[in-house]
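One structure is given here, and the rest of the page talks about it.
The values are calculated or read from the model by the stated rules, or taken from the named source; none is laboratory data. Fair warning: this is a prediction, and the values are worked out from it, not measured in the lab. Here the Cβ positions follow ideal geometry from the backbone for every residue, glycine too, while neighbour counts run over all protein chains shown.
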Amino acid sequence: MTLPAPEGRRGFLRGLLAVGAAPGVRPAGAPSPVASPSPAGGAEERAFWRQTLARVARPVLESLAANRLRAKMPVECPAGRIEERRPVTHLEAVGRTLAGVAPWLESEAGDAEAGQLAQWARAGLEHVTDPAAPDHLSFTAGRQCLVDAAFLAEGLLRAPKQLWQALPSPAQGRLVEAMASTRSIEPGRNNWLLFSAMVETFLASSGAQWRPEPVETALRSHEEWYKGDGAYGDGPRFHWDYYNSFVIHPFLLEVLEHMGRVTRRWEPLREAAQKRARRYATVQERLIGPDGSFPPLGRSLAYRCGAFHLLAQSALRGELPEGLAPAQVRGALTAAIRRTLEAPATFDDEGWLRVGLGGHQPGIAEAYISTGSLYLCTAAFLPLGLSARDPFWADPAVDWTSRRAWGGADLATDHALSE
């Protein structure tokens, strides 16, 4: 078992020692290798999620609403990359933050914290699209802008009332123009095709002119790149990383859902996409260890708990696989959020995220990583869009698979997806 950072070990070890032995698994009196289920119920965990997401999102949205995001947000990135990353990192922060907080803002319009964040977000979106504003952001300053225009589009689709319909008409028009301008950026032959598809999906959903070709290319290419057992290649080749969750499954599901309201052209692809996503959600839940850690595989580890975008989205959509209890997923995601966002030095003195997976670890940053990139961690919080009465929050705590397995509990067999 991997222990937490030194500052967290004392409490962690107390938790281990407090657990009794499981009969028939360990000798009587022997300590359990896995802590017992958290005594916190769904209400307490939901409060923790809200507090943590607000802590992450507040510096971005409050600064943006004040027209001070570009002035206040630090730009941490690999040495020698500052001039390349500075023009795009602020749009990263905005798009990724809104993609994650959107369901909470949409469902909690009467909640003071969510209401304040939504108000800041709307004011900020007006600044983003105002050429005279200090926080006006270019959507074509670099290829990276296509990525984060797509995440912003995803956020607008997830909160149509709070983030789109409530915007003044001039800001809506400027935002449509900004989104359409990203068509000048040629996506790579990989998961980037889905960014172009998401932009067109937003344009179609908003009633603007849209192009079917990027959607067709993205959907048909990913059909070709499907490798089996719920996993797609990132392009023709398979990669051991979290991009099936960061981008591929979530974007496929949402493009197909929203485009299905505009045209039936791609409806035949939805059933297979949903089936594959359910299998990948099963895999994701099993990747979260008893202590909330998960394998540090592949690129973009600085997105932290955002690695579980798909698992969180599946819970939000009510599309968890059979046998995976919502409260079980709640426990697993809570553990991953705590492990990645409560680690020492995760935030700087002003509350901005710093590069790392389990603390401040600048060495894990790829050339394309900067401060704005880090806000994809908000994708783990999507189930805040569910009512407090939903089983995800209301059901009693249930251990997730790794805790049961390494605690000696009996388990059902796991099987690959047959297609």
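List of remarks:
- Residue among ALA166, ALA121 that is of a type in the set (A, V, I, L, M), farther than 24 Å from LEU253 by Cβ and touching a residue at least 40 places away in the same chain (Cβ under 8 Å): ALA166
- Being without any contact (Cβ under 8 Å) to a residue 24 or more places away in the chain and within 26 Å of SER63 (Cβ to Cβ) holds for only one residue in ALA345, ALA367, and it is ALA345.
- Residue satisfying all of: in the stretch 171-186; more than 17 Å from ARG211 (Cβ to Cβ) and in contact (Cβ under 8 Å) with a residue 40 or more places away in the chain; nearest to the chain's Cα centre (by Cα) among these: LEU175
- Here ASP130 passes the criteria (1) assigned to a helix (DSSP H, G or I); (2) under 16 Å from ARG174 (Cα atoms); (3) among the charged types (D, E, K, R) except the one numbered (1).
- Residue check, ASN191 among the polar types (S, T, N, Q), touching a residue at least 24 places away in the same chain (Cβ under 8 Å) and in contact with a strand residue (DSSP E or B) (Cβ under 7 Å, 6 or more places away or on another chain): no
- Test: PRO268 is surrounded by fewer than 23 Cβ atoms within 10 Å (Cβ to Cβ) and in contact with a helix residue (DSSP H, G or I) (Cβ under 7 Å, 6 or more places away or on another chain): no
- Condition check for ARG286: under 21 Å from PHE238 (Cα atoms) and either under 13 Å from the mean Cα position of the chain (by Cα) or part of a helix (DSSP H, G or I) (or both): yes
- Number of the exception - ARG122 against (1) surrounded by fewer than 24 Cβ atoms within 10 Å (Cβ to Cβ); (2) over 15 Å from VAL60 (Cα atoms): (2)
- Residue check, GLY351 of a type in the set (Gly, Ala, Ser), on the phi > 0 side of the Ramachandran plot, touching a residue at least 24 places away in the same chain (Cβ under 8 Å) and out of contact with any Cys (no Cβ under 7 Å at 6 or more places or on another chain): yes
- Of the residues in the stretch 201-217, at least one is under 20 Å from LEU175 (Cα atoms), under 21 Å from the mean Cα position of the chain (by Cα) and either crowded, with 21+ Cβ neighbours inside 10 Å or modelled with pLDDT of 95 or more (or both).
- Every residue from the stretch 298-335 that is aliphatic (A, V, I, L, M) and over 17 Å from the mean Cα position of the chain (by Cα): LEU324, ALA325, ALA327
- Single residue of LEU16, LEU69, LEU53 found to be over 28 Å from LEU91 (Cα atoms) and either of a type outside the set (Ser, Thr, Tyr) or modelled with pLDDT of 50 or more (or both): LEU16
- Qualifying residue in the stretch 61-78 (condition: of a type in the set (Lys, Arg), in a helix (DSSP H, G or I) and touching a His at 6+ places or on another chain (Cβ under 9 Å)): yes
- Residues located in the stretch 172-197, provided they are in contact with a His (Cβ under 9 Å, 6 or more places away or on another chain) and part of a helix (DSSP H, G or I): LEU193, LEU194
- Index of the failed condition, GLU108 passing every other in (1) within 22 Å of MET259 (Cα to Cα); (2) surrounded by fewer than 24 Cβ atoms within 10 Å (Cβ to Cβ): (1)
- Of the residues making up the stretch 375-414, those that are of a type in the set (Val, Ile, Thr) and under 19 Å from LEU310 (Cα atoms) are THR378, THR401.
- Scope the stretch 181-199; condition within 20 Å of ALA93 (Cα to Cα) and surrounded by fewer than 19 Cβ atoms within 10 Å (Cβ to Cβ); matching residues: SER181
- Test: residue in the stretch 97-104 that is part of a helix (DSSP H, G or I), aliphatic (A, V, I, L, M) and over 17 Å from LEU53 (Cα atoms): no
- Contact map, the stretch 240-260: first residue assigned to a helix (DSSP H, G or I), second residue among the basic types (Lys, Arg), Cβ cut-off under 7 Å, separation 6 or more or different chains; pairs are LEU256/ARG270.
- Here GLU106 fulfils each of the conditions (1) touching a Pro at 6+ places or on another chain (Cβ under 8 Å); (2) within 28 Å of ARG85 (Cβ to Cβ) apart from (2).
- Scanning the stretch 60-91 for residues that are out of contact with any Pro (no Cβ under 7 Å at 6 or more places or on another chain) and on the phi > 0 side of the Ramachandran plot returns a single hit, GLY80.
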